[in-house]
Amino acid sequence: GSLVGVVVCGFHSLGLELPTDAGVIVLVVMAIGTMIPSAPGFIGTLQYAGTLALKQYGVDPSLALSFTLIYHASQWFPVTGLGFFYFVRQQMSLKGLVAADSGRPSGTPIPRGIGRG
């Protein structure tokens, strides 16, 4: 429900007077679009799917793309920002994550040729 509200608010912010059910349809199509293998963060597939869904409501493609970019940013930045905040707060490091992923203690040097070009 709340994501549909975000989509509908996004419509209104761009002056799109679409019915609430359009918010549901666009959200579902974008969700299906993110199931397609893509770049990290669903960049491209979410925009394509959202633009395709909005095309069915007669929305100009450039305005539809604008909507999908704003929607994507509204979902990506808060999640990524919180992730970074807690990453720093927990005193984590990329070196520690690599070590944890390989099963070695974080102080153990990484063997030559692994993870270092």
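Can you go through 116, 104, 89 and tell me which one is surrounded by fewer than 10 Cβ atoms within 10 Å (Cβ to Cβ), modelled with pLDDT under 85 and either over 30 Å from residue 54 (Cβ atoms) or out of contact with any Pro (no Cβ under 6 Å at 6 or more places or on another chain) (or both)? Outline the logic, then answer.
Working: 104 fails: surrounded by fewer than 10 Cβ atoms within 10 Å (Cβ to Cβ); 89 fails: modelled with pLDDT under 85.
On inspection, the qualifying residue turns out to be 116.
Scanning the range 51-105 for residues that are within 30 Å of residue 15 (Cα to Cα) and acidic (Asp, Glu) turns up just one, 60.
Listed by first and then second residue, the pairs with beta-carbon distance under 7 Å, at least 6 apart or on different chains, first residue in the range 72-98 and in contact (Cβ under 8 Å) with a residue 40 or more places away in the chain, second assigned to a helix (DSSP H, G or I), are 74/6. Quick one: in the range 53-65, which of the residues that are surrounded by 16 or more Cβ atoms within 10 Å (Cβ to Cβ) and assigned to a helix (DSSP H, G or I) is nearest to the chain's Cα centre (by Cα)? Selected residue: 65. Taken over the range 5-46, residues that are part of a helix (DSSP H, G or I), touching a Leu at 6+ places or on another chain (Cβ under 6 Å) and either without any contact (Cβ under 8 Å) to a residue 24 or more places away in the chain or not hydrophobic (A, V, I, L, M, F, W, C) (or both) amount to 1.
The values are calculated or read from the model by the stated rules, or taken from the named source; none is laboratory data. Everything numeric in this text was worked out from a predicted model, so none of it was measured. Backbone-built Cβ (ideal geometry, glycine too); neighbour counts: all protein chains shown.
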